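Working notes, structure below.
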């Protein structure tokens with residue numbers, strides 16, 4: 001399990017999303033055996049959680065930056 005987690009952390013968001021889309025396409029087409037579908041579903045669930053985590057991290061980074069109304073320099077908030 002730790003090896004799978006390490007492999008997941010090495011993926012970029014874009015690679016994770018592409019793999020997730022491929023899994024969804026394969027599951028929707030009904031290709032493969034039931035065991036293959038279960039394995040693919042489990043991997044897809046992992047990828048979905050990973051993608052959501054990366055999106056949440058990006059959202060927090062964006063929310064830290066505040067643009068002032070007067071057009072000055074952006075303000076950075078510290079949420080940590």
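Can you find a residue that is part of a strand (DSSP E or B), without any contact (Cβ under 8 Å) to a residue 40 or more places away in the chain and out of contact with any helix residue (DSSP H, G or I) (no Cβ under 9 Å at 6 or more places or on another chain) anywhere in the range 32-45?
no
Given the options 54, 48, 61, name the one that is farther than 20 Å from residue 8 by Cβ and out of contact with any strand residue (DSSP E or B) (no Cβ under 6 Å at 6 or more places or on another chain).
Answer to the selection: 61.
Filtering the range 6-17 down to residues that are closer than 17 Å to residue 42 by Cβ and surrounded by 11 or more Cβ atoms within 10 Å (Cβ to Cβ), which residue is modelled with the highest pLDDT?
Among those that are closer than 17 Å to residue 42 by Cβ and surrounded by 11 or more Cβ atoms within 10 Å (Cβ to Cβ), it is 16.
The values are calculated or read from the model by the stated rules, or taken from the named source; none is laboratory data. As the structure is a computational prediction, the values presented were derived from the model and not from experiment. We place every Cβ from the backbone using ideal geometry, glycine too, and count neighbours over all the protein chains shown.
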